[in-house]
Each structure stands twice: as structure tokens, then as C-alpha cells.
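*Asks:* Can you keep this structure in mind? I'll have questions shortly.
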Amino acid sequence: MPRRVSIHDLRAMKQRGEKIAMVTCYDYTSAKIVDALGFPIMLVGDSLGMVVLGHESTLRVTLDMMIHHCRAVSRAAKKSMIVIDLPFASYSSSDLPTSLENARRAMAEGGAQAVKVEGGRRMGPVVGTLVASGIPVMGHIGLTPQSIHMIGGYRVQGRTKEAADRLIAAAQALEEAGAFAIVLELVPAPLAEQLSKMLSIPTIGIGAGPACDGQVQVFHDIMGMYEDFLPKHAHRYGNVAQVIRQAAKAYKDDVEQGRFPTAQHSFDMDSVLDGKIGGDTPHGGAK
Ligand code: KIV
């Protein structure tokens, strides 16, 4: 049984200068592929609200939805560390008991090894409370999509001296509170480089340039599965939507033209009498 990646492994990777690859995962099938490839971290991100469930933002995602998807991922992921996003308004420094209970559910019911929370200095008490209860916490600063209505749009953060100073203070506060890593989203590359040098915990960038200790991307963006839009920071490594379109069309055409199923996919009476048909294979099919 392979050992699972721990927060100590991630810090050691930073110290050795090894880049940390992280990707979102929302289901069993993709998590199995990602785990086998040896990604140190997979994130059950609340971006699932957009790329899986079709909402306009991440704000509609509930803790129950996050746990549902995380359980599927945790059935597949045996080596990667699974980080689960605590969703919108499920944590706050003004209600630490509820924050702790929700993080406990995310870990215990979802099967994650860590949680991620969005926000800067104001998240210090939340991070401190969770860490004190044995819950590893990843911070997330810069563009924090759960606060989109406070921020006023999906734009790069920390561009002015004051804004950069606020991000520096936020990163320091999160490290001091005990976060084991921090996601930097839509942060100018020079500022992300400064933060990565300043912190002893790893920084994981998304739209934050190449100097971060690691990178995270949304699975559906890099696979070319989500076609509504492609963020500037993402690169399509595949064109899975096109592969699905071609395969689905070929199947539809075959059914409509009577080319599928063939004898190869069908069963004769002897098979039935031999008792070979039953629910003993995946999807309840027969061998
Ligand atoms: O939900 C998500 O996918 C995220 C990443 C963009 C970091 O939080």
C-alpha cells in the first residue's frame, strides 16, 4: 500500500526546490487517473459548482455537495493528498464552532486529508482553530471567488503597493496561524515570487506566474472539457470535449443506422441457460 503524501512531504518538496503539481478532481474516474500519475495533491474544489454543475459562480455550492464529490474522489485516491474546499459561508472568524464542525464533516464524511479556506488576515482565527483541532489547512488569497461580490469581478489582485502589502500581510498571517500551504490566485508574477521566497510553506499558484512552489489548475480547463470559457491563466493540454463529441456522435449514428449493437455485444439463449448473465460485472452486465 503506497504511503499518502503528507503536509511534511510538501514542505520538503519546497525545500528541495521540487515543483508541486496540483489539479482539481470531482469524481472517482478522473481521481483514479490523477492518483496513478502521482500528483502530490488533488483539490476537490468548489469550482465544481461551475464546471460540473453549470452554475455561474461557486456561491451555490453547499457543504453536502462538496462532501458528495469528495467521497467519490476519496474512493479512488490512495496516494495523493485530498484537499477539500470549505464552501461559501460555511466558515467565518465570527463563528468558530460552526467553522470547526463544518471542517470536521468535510474531513470525516468526505474523506479528505486537509481543507482549504479563502481569505487573508481575517481567516487567521479560523485557520488557528482548525489547526489546533488537528485539521491541516491550506489558505487561498489573491482572487478569492467566494468573495466575488465584495471584489466586484474576476480580476488580478495586488497590483498596487497597498494591495500588494495587504497580500503580504495576509500570507504572513496565514503562515503564522498554521496554514501548511497557500494558493495564490491571480496575483502578479513578481509579487507571487516575493511571497514564495518570504514564506517557509509552499505557495501554489493559479495565474500567479512560474516562481510559485507549485501550480493548480481546474481539471476541466486543462483537459479541454469545459468550453464556456478558458481563463487566461489556463492552458488546454487536451481536447476532451471534442473526443467526447466524436465518440457520442459515432454511437448515436450507429444506433440510428442499426449498426450497434452487433452480435459481438449480444447474448444467445445458451448463455442464459448457462447462467452467465447476471449482475456480477460492472454496470450489472454479463461477461
Ligand atoms: O475551486 C477551485 O478550483 C479552486 C482553485 C481554482 C484553486 O479553488
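*Asks:* Go through region 222-261 and give me each residue that's touching a strand residue (DSSP E or B) at 6+ places or on another chain (Cβ under 8 Å), in contact (Cβ under 8 Å) with a residue 40 or more places away in the chain and open to solvent by less than 50 Å² (accessible area, probe 1.4 Å).
*Replies:* Selection gives Ile222 alone.
*Asks:* Do we find a residue being open to solvent by 30 Å² or more (accessible area, probe 1.4 Å) and either away from the ligand (no atom under 14 Å from the Cβ) or free of Cβ contacts under 8 Å to residues at least 40 places away in the same chain (or both) anywhere in region 109-120?
*Replies:* yes
*Asks:* Which one of Leu143, Leu96, Leu167, Leu100 is open to solvent by 10 Å² or more (accessible area, probe 1.4 Å) and in contact (Cβ under 8 Å) with a residue 40 or more places away in the chain?
*Replies:* Selected residue: Leu167, the only one of Leu143, Leu96, Leu167, Leu100 that is open to solvent by 10 Å² or more (accessible area, probe 1.4 Å) and in contact (Cβ under 8 Å) with a residue 40 or more places away in the chain.
*Asks:* Could I ask something else about it? Tell me yes or no: at least one residue of region 95-102 is within 21 Å of Leu53 (Cβ to Cβ) and of a type in the set (Gly, Ala, Ser).
*Replies:* no
*Asks:* Something else: Sort through Ala177, Ala181, Ala192, Ala208 and tell me the only one that's in contact (Cβ under 8 Å) with a residue 12 or more places away in the chain and either over 22 Å from Arg16 (Cβ atoms) or open to solvent by 20 Å² or more (accessible area, probe 1.4 Å) (or both).
*Replies:* Ala177
The values are calculated or read from the model by the stated rules, or taken from the named source; none is laboratory data. Predicted model only: the values in this text are computed from it and were never measured. A quick note on method: Cβ atoms are made from the backbone with ideal geometry, for glycine too, and the neighbour counts reach across all protein chains shown. Please note that ligands, DNA and RNA were not included when accessible areas were found on the heavy atoms of the full protein model with its side chains. Shrake-Rupley method; radii C 1.70, N 1.55, O 1.52, S 1.80 Å.
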